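This report refers to the structure that appears directly beneath it.
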Amino acid sequence: MSKKVIIVYSGGLDTSVCIPMMREDYGFDEIVTVTVNVGLPAEEIKQAEDKAIAMGCKHYTKDCVDEFAKDYIFKAIKANGDYQGYPLSTSIARPLVSQKAAEVAEIEGGEAFCHGCTGKGNDQFRIEFGLRALKPDMKIIAPMREHTWTRSAEIEYAKERNIPITVSAEKIWSIDENLWGRSIEGGKLEDPYYAPPEEIFKWTKSIADAKSDPTEVVITFEKGEPVAIDGVKLDPVALVKKAHEIAGDNGVGRIDMMEDRILGLKVRENYECPAARLLIPAHKALEELVLTKEEREFKNVVDMKWARLAYDGLWWDPFKEDLESFIDNTQQRVTGDVRVRLFKGSLQVIGRRSPFALYNEDLASFDSKTWDQNEATGIVKNHGMQSIMYRKVMQSNK
Ligand code: ARG
């Protein structure tokens with residue numbers, strides 16, 4: 001009887017090497033590859049497809065960019081999604097990848113999944129959690145974790161088997177790209193003191209090359225979701241792309257950080273996430289205007305917890321749903337416009353308005369007569385009553 005495996009396939013070196021490994025070392029004869037498009041350039045998706053077919057696999061390309069934007073990126077915006085300064089671009093794509101691979105398994109059957117994650121990173125947690133949650137009876141094989149390749153040995157192995165490769169042993173940035181951002185790691189960047197070279201960036205201008213005059217832009221939100229830029233309504237994918245362009249031209253969106261991985265390993269990461277760096281601060285600015293003091297304080301905690309679950313890849317955890325019901329409830333009023341100024345790598349919110357603003361100019365104004373200031377006297381007098389009592393009690397008990 002034939003043995004079938006489903007490979008979660010990116011078209012990169014690691015997952016390509018998995019194909020002959022599945023045949024030679026793991027005894028599979030039917031190989032199905034699944035490439036999930038969450039916003040890669042069309043040529044790269046096509047290349048992956050061609051490669052897999054050339055290597056004798058049955059291939060599926062799942063186009064999920066719209067779904068990724070609507071159900072993943074927009075959720076992240078509502079939660080101000082951020083883990084240690086990282087807008088979670090790679091993290092939030094993984095559950096969708098697992099889900100699509102599981103759908104293919106539903107059609108194809110097969111006894112195992114195979115993925116190309118190594119044993120040091122986060123993606124093994126995210127991908128495997130997704131596969132296990134959705135197809136608990138299938139085995140999961142991680143050849144890159146079971147077999148430690150050196151880069152040059154891996155390239156050699158690929159060459160011997162005529163796998164078309166685009167990497168060289170020297171050019172070793174490991175790049176993951178999707179609609180929400182680009183993650184760049186490896187090579188010389190592994191030295192945290194080494195400054196990120198210009199060549200790793202694709203979507204953002206350097207400060208030197210950024211536009212020489214400021215850009216002002218208005219982002220419109222409806223129920224926490226961005227719907228228009230400068231008054232032009234855009235669908236989620238087009239809106240994110242436009243945001244990339246505006247922020248990128250102004251040199252906004254580069255991130256160089258130390259990150260604590262799920263395993264506890266500290267790593268140096270570079271990200272290029274211009275849209276996130278524009279849309280999330282704008283979204284927060286609107287929340288400041290429409291949410292109460294208590295809501296804002298508590299939402300910070302909720303957002304942080306949400307980001308942690310998203311980073312850990314626990315997309316289908318009930319706690320995440322609990323957090324999202326709070327988030328979605330608050331977002332009902334996050335409707336309005338935010339004006340932002342971008343200039344040479346910096347971003348400032350310079351205006352916000354909403355029909356749900358909990359703000360009254362007349363009350364807040366220095367010139368206003370609506371609020372009788374004398375009414376404050378009694379309230380101020382009792383402010384910190386218990387703290388004052390505490391001091392007294394402590395003194396008399398000395
Ligand atoms: N550290 C990031 C994360 O865990 C990004 C990893 C991206 N992978 C890559 N090959 N650059 O989400």
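The values are calculated or read from the model by the stated rules, or taken from the named source; none is laboratory data. Quick caveat: nothing in here was measured; it's all calculated off a predicted structure. Here the Cβ positions follow ideal geometry from the backbone for every residue, glycine too, while neighbour counts run over all protein chains shown. For the accessible areas, the whole protein counts, side chains as well, though only heavy atoms, and no ligand, DNA or RNA atoms are used. Shrake-Rupley method; radii C 1.70, N 1.55, O 1.52, S 1.80 Å.
General remarks:
- Residues of the stretch 247-275 that are open to solvent by less than 50 Å² (accessible area, probe 1.4 Å), more than 13 Å from the ligand (Cβ to nearest atom) and either touching a Ser or Thr at 6+ places or on another chain (Cβ under 9 Å) or not hydrophobic (A, V, I, L, M, F, W, C) (or both): ALA247, GLY248, ASN250, GLY251, VAL252, GLY253, PRO274.
- Cβ separations smaller than 6 Å between residues 6+ apart or across chains give the following pairs from the stretch 176-189 residues that are within 10 Å of the ligand (Cβ to nearest atom) to residues that are open to solvent by less than 10 Å² (accessible area, probe 1.4 Å) and of a type in the set (D, E, K, R): ARG182/GLU272; GLU185/GLU269.
- Taking first residues from the stretch 65-94 that are of a type in the set (Lys, Arg) and partners that are in a loop (DSSP other than H, G, I, E, B) and more than 12 Å from the ligand (Cβ to nearest atom), the Cβ contacts under 7 Å between residues at least 6 apart in sequence or on separate chains come to LYS78/GLY224.
- Helices (runs of 4 or more DSSP H) (entirely within the stretch 1-91) containing at least 1 residues that are more than 26 Å from the chain's Cα centre (by Cα): 13-24, 42-54
- Restricting attention to the stretch 118-136 and to residues that are among the hydrophobic types (A, V, I, L, M, F, W, C) and open to solvent by less than 20 Å² (accessible area, probe 1.4 Å), the residue that is nearest to the ligand (Cβ to nearest atom) turns out to be ILE127.
- Applying the criterion of being buried (at least 23 other Cβ atoms within 10 Å of the Cβ) and among the hydrophobic types (A, V, I, L, M, F, W, C) to the residues of the stretch 92-103, the residue that is nearest to the chain's Cα centre (by Cα) is ILE92.
- On the stretch given as the stretch 314-369, residues that are of a type outside the set (Val, Ile, Thr) and in a helix (DSSP H, G or I) total 16.
- LYS211 modelled with pLDDT of 90 or more, within 16 Å of the ligand (Cβ to nearest atom) and not small (Gly, Ala, Ser): no
- Criterion: open to solvent by 80 Å² or more (accessible area, probe 1.4 Å), over 26 Å from ILE229 (Cβ atoms), at pLDDT 95 or above and within 38 Å of the chain's Cα centre (by Cα) - qualifying residue of GLU321, GLU361: GLU321
- Screening THR61, THR33 for residues that are hydroxyl-bearing (Ser, Thr, Tyr), surrounded by fewer than 19 Cβ atoms within 10 Å (Cβ to Cβ) and in contact (Cβ under 8 Å) with a residue 12 or more places away in the chain leaves exactly one candidate, THR61.
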